[in-house]
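Okay, so here's the structure we're looking at.
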Amino acid sequence: ETSTRELHQAHDALHVERRLREEADGRFEATSKELINLTAQYIRTGGADAIAKLTEMQCMLCGNMLRQPHTMAMCSHTFCKECALPQLYEESKCPQCKIRANRSDLVPNVPLIALSNKVWEMLEGK
């Protein structure tokens, strides 16, 4: 049987997880806006090559510019979808900070996907 104490602990854990998700959502929005502004500046001054060199556009797993960027909902770390999925299946943790996570925590970063697709088009069109 589940004790009252265990139920309270589970309830508290859910509240902590919900708060972490809300904080991560706020960080994700702020980071996306900053990245879009930074990228607009780089497009004006250096073009696709400059954007591809931004550390914010690099996947920490493969080291290349992001392809199909997906962001961890709990911590806002971003990776190529194809790089992060095998790691999540294997470890059930964010590949960067190791916070507990699962596949549903890896969400498409829609603004960054649009941006990276455009930059890849520019780079591959050379």
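The table for this structure:
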{"quantity": "Evaluation of residue 89 against (1) open to solvent by 80 Å² or more (accessible area, probe 1.4 Å); (2) under 21 Å from residue 26 (Cα atoms) (one fails), failing number", "calculated": "(2)"}
{"quantity": "Count - residues of the stretch 81-92 that are free of Cβ contacts under 8 Å to residues at least 24 places away in the same chain and farther than 26 Å from residue 22 by Cβ", "calculated": "4"}
{"quantity": "Residues (without any contact (Cβ under 8 Å) to a residue 24 or more places away in the chain and of a type outside the set (A, V, I, L, M, F, W, C)) located in the stretch 57-80", "calculated": "58, 63, 64, 77"}
{"quantity": "Members of the stretch 116-126 that are basic (Lys, Arg) and not in a helix (DSSP H, G or I)", "calculated": "126"}
{"quantity": "Residue satisfying all of: in the stretch 53-78; in contact with a helix residue (DSSP H, G or I) (Cβ under 7 Å, 6 or more places away or on another chain), part of a loop (DSSP other than H, G, I, E, B) and of a type in the set (S, T, N, Q); surrounded by the most Cβ atoms within 10 Å (Cβ to Cβ) among these", "calculated": "76"}
{"quantity": "Tally of residues being closer than 11 Å to residue 77 by Cα, open to solvent by 50 Å² or more (accessible area, probe 1.4 Å) and in a strand (DSSP E or B) across the stretch 96-115", "calculated": "1"}
{"quantity": "Enumeration of residues in the stretch 90-102 that are out of contact with any His (no Cβ under 7 Å at 6 or more places or on another chain) and either at pLDDT below 90 or among the polar types (S, T, N, Q) (or both)", "calculated": "92, 102"}
{"quantity": "Residue match in the stretch 1-12 (condition: part of a loop (DSSP other than H, G, I, E, B), at pLDDT below 75 and not charged (D, E, K, R))", "calculated": "yes"}
{"quantity": "Residue in the stretch 47-60 that is of a type in the set (Lys, Arg) and at pLDDT 70 or above present", "calculated": "yes"}
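The values are calculated or read from the model by the stated rules, or taken from the named source; none is laboratory data. Model, not experiment: these values are computed from the prediction. Virtual Cβ from ideal backbone geometry, glycine too; neighbours counted across all protein chains shown. In case anyone asks, the SASA skips ligands and DNA or RNA and just uses the protein heavy atoms, side chains included. Shrake-Rupley method; radii C 1.70, N 1.55, O 1.52, S 1.80 Å.
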